[in-house]
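Peer 1: Take a look at the following structure, please.
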Amino acid sequence: QKEVEQDPGPLSVPEGAIVSLNCTYSNSAFQYFMWYRQYSRKGPELLMYTYSSGNKEDGRFTAQVDKSSKYISLFIRDSQPSDSATYLCAFSMDSSYKLIFGSGTRLLVRP
Amino acid sequence: DTGVSQDPRHKITKRGQNVTFRCDPISEHNRLYWYRQTLGQGPEFLTYFQNEAQLEKSRLLSDRFSAERPKGSFSTLEIQRTEQGDSAMYLCASSLGLAGTDEQYFGPGTRLTVT
């Protein structure tokens, strides 16, 4: 079993739709949960950084962590064509430590 | 502040040649990380530094790979005797190194093609 599972997509949605992106993980030692956005041929850009179970909101983005189910989600409201990118979930066992990434979900928002 | 920078952005080399990449972290960031990303995959951890000390190396980092951060500022990653399997995007990230919450910020990456 892989440590992190993430559907590669692509996920295609119309502009304005609510997008739901998900990752499952198997390592109970993961304590920090992140979402990065990566445009083609660019470096990953940090979107959300959370520590505890529950929800965290930042503008159109909401990160959700369920430690009991080992499941994290990223919701994007009012999606825009500029949101078209690959979204990577990432995990860490400690605050200043290496990240373990999912393989990424490719999102396409159609105008 | 301009974020994490990496140089070169692209490198094409022939198999067997040596290559060196440079990473300049965000100023005052004590931690510096190297990752490798292949097509369709997420980044994979290679190694990281706390100031000038290299604290951990992944088993992905074979003897042909060496990383340094001589003065605790910029870092270099050298690959000796490159192989076609080394073709990938090499990403550098930096963080403040704080306990509690410590966000890693990535550079644009160096894309290596070994022919």
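Taken together, the values in this text are just the output of simple stated rules run on the coordinates, not laboratory data. Since the model is a prediction, treat every value here as computed from it, not as a measurement. Methodologically, a virtual Cβ is constructed for each residue, glycine included, from the backbone with ideal geometry; neighbour enumeration extends over all protein chains shown.
Peer 1: Within 10 Å of each Cβ in peptide A:86-92, how many partner chain Cβ atoms are there on average? Round it to a whole number, please.
Peer 2: Other-chain Cβ atoms within 10 Å of each residue's Cβ, averaged: 2.
Peer 1: Separate question: Rounded to whole Hz and in sequence order, give me ³J(HN,Hα) for the stretch A:104-111 from the Karplus expression 6.51 cos²θ - 1.76 cosθ + 1.60, θ = phi - 60°, writing x for Gly and Pro.
Peer 2: x, 10, 8, 10, 10, 9, 7, x
Peer 1: Quote the Stokes-Einstein diffusion coefficient, in whole µm² s⁻¹, for chain B, based on the Kirkwood radius over alpha carbon pairs, a temperature of 25 °C and a viscosity of 0.890 mPa s. Before the final figure, lay out each step's value.
Peer 2: Details: Rh = 14.1 Å.
My calculation gives 174 µm²/s for D.
Peer 1: Follow-up. Per residue of A:97-109, what is the mean number of Cβ atoms on other protein chains within 10 angstrom of that residue's Cβ? Kindly include the intermediate steps, with their values, before the conclusion.
Peer 2: Details: counts 9, 14, 10, 4, 7, 2, 3, 5, 0, 1, 0, 0, 0.
Mean partner-chain Cβ count within 10 Å for A:97-109: 4.
Peer 1: How large is the charge dipole for the protein assembly as shown, taken about the Cα centre, if only the Cβ atoms of Lys, Arg (+1) and Asp, Glu (-1) carry charge, to the nearest 20 debye?
Peer 2: In debye, rounded to 20, the protein assembly as shown gives about 680.
Peer 1: Binning at 10 Å from 0, report for the protein assembly as shown what percent of all alpha-carbon pair distances ends up in each bin.
Peer 2: Computed distribution, short to long bins: 8, 33, 35, 20, 4, 0.
Peer 1: Something else: What is the average number of partner chain Cβ atoms found within 10 Å of a Cβ in B:53-60? Intermediate values should be presented prior to the final figure.
Peer 2: Working: counts 0, 0, 3, 2, 0, 1, 0, 0.
Mean shielding by partner chains, rounded to a whole number: 1.
Peer 1: Can I ask one more? Using a Cα-Cα cut-off of under 30 Å, which lysines could be cross-linked to residue A:98, ignoring same-chain neighbours fewer than 8 residues away?
Peer 2: A:2, A:42, A:56, A:67, A:70, B:11, B:57, B:71
Peer 1: Same structure again: Give the share of C-alpha pairs in each 5 angstrom bin for the stretch B:1-45, from 0 to the last occupied bin, in whole percents, shortest bins first.
Peer 2: Per 5 Å bin, starting at zero, the Cα-Cα P(r) for the stretch B:1-45 comes out as 5, 15, 19, 25, 21, 9, 5, 1 percent.
Peer 1: Which percent of Cα-Cα pairs in chain A sits in each 5 Å bin, short to long?
Peer 2: Going from the shortest bin to the longest, the percentages are 2, 13, 24, 26, 19, 10, 4, 1, 0.
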